[in-house]
């Protein structure tokens with residue numbers, strides 16, 4: 001997985017799979033990453049640990065999408081109001097969910113085709129989140145419920 005270009009995203013391993021967080025600058029990627037880590041510590045979610053904030057590398061290996069931090073940002077997370085902070089991290093994880101913040105296709109009752117995405121040849125579940133909506137409850141619901 002060396003030499004792959006970095007992408008503008010954050011990632012947190014929740015349980016045994018990573019949540020890949022994408023969105024435009026200022027959409028709340030770092031905030032959601034921190035919220036996931038804190039929810040894991042509080043027992044609201046499975047154990048959650050940072051993979052990378054702001055820039056990550058993606059690579060497909062054996063039909064799975066792997067994520068790892070950009071080397072210069074390893075173990076760092078932006079906390080609005082405090083600046084750049086150090087935190088525990090893992091060096092890689094398999095992506096199990098993609099969350100798109102400020103997604104133009106976010107809807108109250110999204111069509112099934114908007115709830116999955118193909119990245120680097122791997123099909124993954126996806127949550128499109130509209131501007132002004134909190135993504136954390138959606139992720140918790142995804143992890144704790146099944147589709148009807």
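The values are calculated or read from the model by the stated rules, or taken from the named source; none is laboratory data. These numbers were taken from a predicted model, which means no experiment stands behind them. Here Cβ is always computed from backbone atoms with ideal geometry, including for glycine, and neighbour counts include all displayed protein chains.
Points worth noting:
- Options 138, 65, 143, 76: the member that is in contact (Cβ under 8 Å) with a residue 60 or more places away in the chain and surrounded by 15 or more Cβ atoms within 10 Å (Cβ to Cβ): 143
- Members of segment 99-114 found to be in contact (Cβ under 8 Å) with a residue 12 or more places away in the chain and over 20 Å from residue 29 (Cβ atoms), listed by number: 107, 110
Yes or no, residue by residue, for (1) in a loop (DSSP other than H, G, I, E, B); (2) modelled with pLDDT of 95 or more; (3) in contact with a helix residue (DSSP H, G or I) (Cβ under 9 Å, 6 or more places away or on another chain):
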site: 91; (1), (2), (3): yes, yes, no
site: 118; (1), (2), (3): no, yes, no
site: 136; (1), (2), (3): no, yes, yes
site: 139; (1), (2), (3): no, yes, yes
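- Hits in segment 119-135 - residues which are surrounded by 10 or more Cβ atoms within 10 Å (Cβ to Cβ) and either under 21 Å from residue 94 (Cβ atoms) or without any contact (Cβ under 8 Å) to a residue 24 or more places away in the chain (or both): 119, 120, 122, 123, 124, 125, 126, 127, 134, 135
Residues are listed down the side, and each one gets a yes or a no for (1) assigned to a loop (DSSP other than H, G, I, E, B); (2) within 22 Å of residue 128 (Cα to Cα); (3) over 11 Å from the mean Cα position of the chain (by Cα):
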site: 10; (1), (2), (3): no, yes, no
site: 13; (1), (2), (3): no, yes, no
site: 46; (1), (2), (3): yes, yes, yes
site: 51; (1), (2), (3): no, yes, no
site: 60; (1), (2), (3): no, no, yes
site: 72; (1), (2), (3): no, no, yes
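Each row is one residue, and each column tells you yes or no for (1) in contact (Cβ under 8 Å) with a residue 12 or more places away in the chain; (2) more than 15 Å from residue 92 (Cβ to Cβ); (3) crowded, with 17+ Cβ neighbours inside 10 Å.
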| residue | (1), (2), (3) |
| --- | --- |
| 9 | yes, no, yes |
| 14 | yes, no, yes |
| 29 | yes, yes, yes |
| 42 | no, yes, no |
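- Count of segment 44-62 residues, restricted to those that are touching a strand residue (DSSP E or B) at 6+ places or on another chain (Cβ under 9 Å), surrounded by fewer than 21 Cβ atoms within 10 Å (Cβ to Cβ) and under 13 Å from residue 139 (Cα atoms), is 1.
- Beta carbons closer than 7 Å, at least 6 apart along the sequence or on distinct chains, pair a first residue in segment 81-96 that is surrounded by 13 or more Cβ atoms within 10 Å (Cβ to Cβ) with a second that is assigned to a loop (DSSP other than H, G, I, E, B) for 87/75; 89/74; 89/75.
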